[in-house]
Structures are given as C-alpha cells and as structure tokens.
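**Q** Structure incoming, see below.
The values are calculated or read from the model by the stated rules, or taken from the named source; none is laboratory data. This is a predicted model, so every value here is computed, not measured. Note: ideal-geometry Cβ built from the backbone for every residue, glycine included; neighbour counts use all protein chains shown. Note: areas computed on protein heavy atoms with side chains; ligands, DNA, RNA excluded. Shrake-Rupley method; radii C 1.70, N 1.55, O 1.52, S 1.80 Å.
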Amino acid sequence: MKLKTLLGASLLVAAWAGGAFAQTRLVTLGTHGGPLPSTTRSQPANALMVGDKVYVIDAGDGVLRQLYAAGIDLRKVRQIFITHDHDDHNAGWGSLLGVQWDLGIWPVDVYAPSAKSMMNGFLQYFSVNARIRQADSKSGKLPPEKAFHAHDIQGNGLVFKDELISVTAQENCHYKVDPAADAKRADQDRSYALRIQTPDKTIVFSGDTGQCPALTAFAKDADLLVHDVIDLHLTREIMRRQHVPDAVVDVMIRHMTEEHTVPEDIGLLAKDAGVKKVILTHLVPGGDEPDTRYTDGVRKHFSGPVEVARDLMVFE
C-alpha cells in the first residue's frame, strides 16, 4: 500500500469525491494516544473511504476539524464506530453529530459498547441548541432523536454490514478485570478490535489493547493492521522530567504496561497473524521522538512494511 503526504491527501480526496476511485483508502485523522491534548497530533480517529461512502472509526476530540482538513464531505459520513468508551476515542463524536444535524445530514448510525447511553447524553445536552435553531430557521429539521440511531456492540461477532463493508468485533485486552467478576461485567464496559472487510482490503483496528492472544486469529492475513503503540521507557522519562510523583508514575506505567502494547509485541502479533502491513497509531508519548522508537521494535519480529502514522496521512 502506498503512503501519501498531506498534499497528496487533498488531491486524492478531491479525485475520490469526483468518482475517480472505487478502492479503499484509510485516512488517519488523529494519531495521539491519551486524553491530554497535543499541539502536533489530534486524538484517535480514522476515516475509511470506500466507494462513495466514508466510515469513521473512533472519534476523539478534534475529529470534526480533521474531517474538514482532509477535505472529506460530511454528507458521506453515515456510520460511526467507537472501539471503546474512553474519552480520547469518543469525545468528538457529539460535535460531529451536532454539525451533521445543522447541515441536515441524516440518518447517522453510531456503534459503540455504550452507544445508547452516549446518545441519550448527547440528545440531552443538544436539546436546547436544537430547539433554538429550529425556531430560528423554521426549516422543519428532523428532531435529533429521529435523525441519529445508536447501536450497542454486544459481544464478539458481526456489528454492521452494507453493500460495501462488513464490520466484525472482537473483545481485546485493554480493560484488566478480575476474571471471577468478568461474567457480571456490563457489556458497556468492554473494549473491541474491529475487522473491516471491503471489496479490496481487510483492515484490522486493534483499538487500545494490551497483549491479546485472541487478536492473532482475528487479524489473520489482514492487509492492514492499525495498532496502538507505546514507548514505555520514553513515557516514564517524560513524566519524571515533568516532576510527576513517583507513585503516580508507577501507577500509570503499570496501566500502560498491562493495557497497551509495546512495539516488540506488535511485531510478534503481525508475524503470527501474517498481516501484510502495520500502521502504528495512538502513539504514546507521541511527541517529536523519531519513528524508529516505534518501528525498530516491530521489525525485530515482523519483516513486512511498518509505518508510523501522522494526522491526515492517507494509506491505499
């Protein structure tokens, strides 16, 4: 698959919008991991362009701006998929829905572990705005509760299918829980990887995950494995330079060690699954460190191509 620069992305999107392309394209809209803001990267979000449709996978803060920056027509976004309900993955979806409603773009369907709960919250905070705009415009807009539809992801299996793509979910290993209490855990409190089959590509989004044997079979023979990544050593160094107390550092590093993935483990997964290419995203710390901080570890085990994603890169 060929990587395009931001300039190339604009040209590709323009050509795609004109109907010149039918194959799959992936735009990494946001590539920074964690809820804290970054001056160089937006929070996790992706746009999968297939034929004349755009599917959004994760919608962290800034997703609306990033869609505009990529030149993507919001009228083509009718499905949004959230891998898990951490705020760096879902904080921007309400803003996206709000502007879609303003522009008369509906229906829009949202799929997430707690999609219905999130939708109820969105409708509540959006209700005053919708009522005022309705009165101002007298446009007869469809009420938001009828324009948008929420679908909870409830376990492994097929989530969505249309004439272009199918989306299958597999619970990953992002949330560490007491196995004895697992059966009582709410379906909403789960994190998923997504496998998306298009007419010409198989793309697997790991979501946020720790080491996860179940993902090896799930990612089998994928054309693209889009995986979150962390540099634990550099992350620890940065927190200490910022005078974060050692006790806090230790707790954060434990979480990141157990619930995220280092490059070497991604390389093992990619090798065992036989994927064709790895795209590293959700970078932590995701600053100005060289790409080799992430790619070298993957390449210890995986001989295929490895790319570190940046915002608004296009993969085809």
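**Q** Given H placed on each backbone N at 1.01 Å, which residues far from Phe160 in sequence or on other chains put an amide H within less than 5 Å of it?
**A** Residues meeting the criterion, in which the H sits 1.01 Å from N, are Val167.
**Q** Can you compute log10 of I(q)/I(0) for region 221-293 with the Debye formula, treating each Cα as one identical point scatterer, at q = 0.13, 0.15, 0.25 Å⁻¹?
**A** Taking Cα atoms of region 221-293 as identical point scatterers yields -0.43, -0.55, -1.14.
**Q** Nearest 500 deg cm²/dmol is fine: what mean residue ellipticity at 222 nm does the chain get from its DSSP H runs of n ≥ 4 alone, each adding -39,500 (n - 2.57), divided by its residue count?
**A** Rounded to the nearest 500, it is -10000 deg cm²/dmol.
**Q** Quick one: compute the contact order of region 103-153, relative version, from alpha carbon pairs under 8 angstrom and 6+ residues apart, as a percent.
**A** 70 percent
**Q** OK, next. What number comes out for the charge environment of Pro213, summing +1 per Lys or Arg and -1 per Asp or Glu over other residues with Cβ under 13 Å away?
**A** Net charge in that neighbourhood comes out at -2.
**Q** Can you tell me how much longer the chain between His149 and Asp162 gets when fully stretched, taken as 0.36 nm per residue apart minus their C-alpha distance, in nm with one decimal?
**A** In short, 3.1 nm is gained.
**Q** Working from the alpha-carbon coordinates of region 76-129, get Rg over Rh, Rh being the Kirkwood radius.
**A** Rounded to two decimals, Rg over Rh is 0.93.
**Q** To the nearest 10 degrees, how steeply does helix 6-17 sit against the main Cα axis of the chain, on a 0 to 90 scale?
**A** That helix lies at roughly 40 degrees to the long axis.
**Q** Here is a further query. Quick check: net charge around Ile72, other residues with Cβ under 13 Å of its Cβ, Lys/Arg +1 and Asp/Glu -1?
**A** Neighbourhood net charge equals +4.
**Q** Using 0.36 nm per residue, how much length does the chain from Gln134 to Asn120 gain when fully extended, once their Cα-Cα distance is taken away?
**A** That works out to 3.1 nm of additional length.
**Q** Among the DSSP beta bridges whose two residues both lie in region 21-77, what percent are antiparallel, rounded to the nearest 5?
**A** 90 percent
**Q** Which of rounded, prolate or oblate describes region 137-292 when judged by the alpha-carbon gyration tensor and an a/c cut-off of 1.5?
**A** Verdict is prolate for region 137-292.
**Q** Let me check against my output: what whole-number percent is the relative contact order of the chain, with C-alpha pairs under 8 Å and at least 6 apart?
**A** Computed over the chain, the figure is 20 percent.
**Q** Once the other residues with Cβ under 15 Å from the Cβ of Ser166 are scored (Lys, Arg +1; Asp, Glu -1), what is the net sum?
**A** With Lys, Arg at +1 and Asp, Glu at -1, the neighbours total -1.
**Q** Something else about it: Once phi is turned into ³J(HN,Hα) by the Karplus curve 6.51 cos²θ - 1.76 cosθ + 1.60 with θ = phi - 60°, what whole-Hz value does each residue of region 148-162 show in order, with x for glycine and proline?
**A** Couplings: 10, 10, 10, 9, 6, 7, 10, x, 6, x, 5, 9, 7, 8, 9 Hz.
**Q** From the backbone phi of region 132-137, what are the Karplus-calculated ³J(HN,Hα) couplings (6.51 cos²θ - 1.76 cosθ + 1.60, θ = phi - 60°) in whole Hz, Gly and Pro given as x?
**A** Each residue of region 132-137 in turn: 5, 5, 4, 5, 5, 8 Hz.
**Q** Quick check on region 92-185: of the DSSP beta bridges with both residues there, what percent are antiparallel, nearest 5%?
**A** Of all bridge pairs located within region 92-185, approximately 45 percent are antiparallel.
**Q** If you don't mind, another one. Between Thr261 and residues 5 or more places away or on another chain, which pairs have amide H atoms under 5 Å apart, with H built 1.01 Å from N, and which residues are they?
**A** Here Thr209, Ile230 satisfy the definition.
**Q** Another question, if that's okay. How many percent of DSSP beta bridges within region 199-316 run antiparallel, rounded to 5?
**A** DSSP beta bridges in region 199-316 are roughly 0 percent antiparallel.
**Q** Round to the nearest 10 and report in Å² the accessible area of Cys212, as given by a 1.4 Å probe over the protein chains' heavy atoms.
**A** Around 20 Å² of this residue is reachable by solvent.
**Q** Given an 8 Å cut-off on Cα distances and at least 6 residues of separation, report the relative contact order of region 135-270 as a percent.
**A** After rounding, I find 20 percent.
**Q** Taking amide hydrogens as modeled 1.01 Å from N in the peptide plane, which residues meet the under 5 Å criterion relative to Met313, leaving out close sequence neighbours?
**A** Amide H neighbours of Met313, under 5 Å, 5+ apart: Thr28.
**Q** Need the full-extension length gain, Lys300 to Leu232, defined as separation in residues times 0.36 nm minus the C-alpha distance. One decimal, nm.
**A** Full-extension gain reported as 22.8 nm.
**Q** Which residue, Ser114, Ser137, Ser191, tops the fluctuation ranking in a GNM of the chain built on C-alpha contacts under 10 Å?
**A** Looking only at Ser114, Ser137, Ser191, the biggest GNM fluctuation is shown by Ser137.
**Q** Using the Cα atoms of the chain, I'd like the radius of gyration and the largest Cα-Cα distance, Dmax, both in angstrom.
**A** That works out to 19.3, 62 Å for Rg and Dmax.
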